[in-house]
Amino acid sequence: TMKPGVQLVESYSRKDKSLGLLCDNFIAIYTRSDNDEICIDSVAQTLSVERRRIYDIVNVLESVGVVMRKGKNRYAWFGAVRLNETLDALKQAAIADGGAGPDPAQVNAAAANAAAAAAASTTRDPTAEAAAATAAAAAAAAAAATTAA
């Protein structure tokens with residue numbers, strides 16, 4: 001039995017709830033504003049999702065230097081500015097490990113995207129920066145999967 005006043009959603013689309021789409025929306029919020037501080041509770045409420053979903057995104061973005069933890073529930077937004085440094089470090093680590101790290105072609109492609117994003121971030125081009133940050137996050141996730149395998 002349903003509670004009175006509760007309505008069922010007629011059409012539920014898994015695509016509308018995908019982490020990729022959520023990540024795009026998350027990045028769009030910060031690339032289109034001058035706000036350099038992220039509050040997990042606030043962005044979760046804005047995007048109408050649970051906090052844990054925002055933490056999923058923030059953890060990946062933190063691994064590639066797009067955000068940095070400042071305190072409980074708070075992160076600093078750097079955008080694409082630090083991507084080149086992070087991707088160079090990943091590339092050097094892969095070389096030092098004798099190629100046991102992420103695929104160099106993926107790292108080079110992500111580095112090219114990061115360079116474009118860094119250029120876009122100086123002009124605050126939200127579309128280019130969001131695309132590059134998403135690509136870098138995907139490359140970091142692929143690198144982590146490759147390393148774990």
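Observations on the model:
- The stretch 42-63 residues near the modelled Glu85 label - backbone nitrogen below 15 Å, point 7 Å along Cα→Cβ: 62-63
- Sorted peptide list for 65-71, 50-56, criterion being average Cβ within 10 angstrom, highest first: 65-71, 50-56
- Length released on extending from Ser42 to Glu62, taking residue separation times 0.36 nm less the Cα-Cα span: 5.4 nm
- In this rough spin-label picture, where each label sits 7 Å from Cα along the Cβ direction, the Ala28-Glu50 distance is 2.4 nm.
- Asn35-Arg74 pseudo-label distance in nm [points 7 Å out on the Cα-to-Cβ vector]: 1.5
Rule-based calculations on the coordinates, nothing more; no lab input. What you see is a predicted model; the values in this text were computed from it and never measured. Neighbour counts are summed over all protein chains in view; Cβ atoms, including those assigned to glycine, are modelled from backbone coordinates with ideal geometry.
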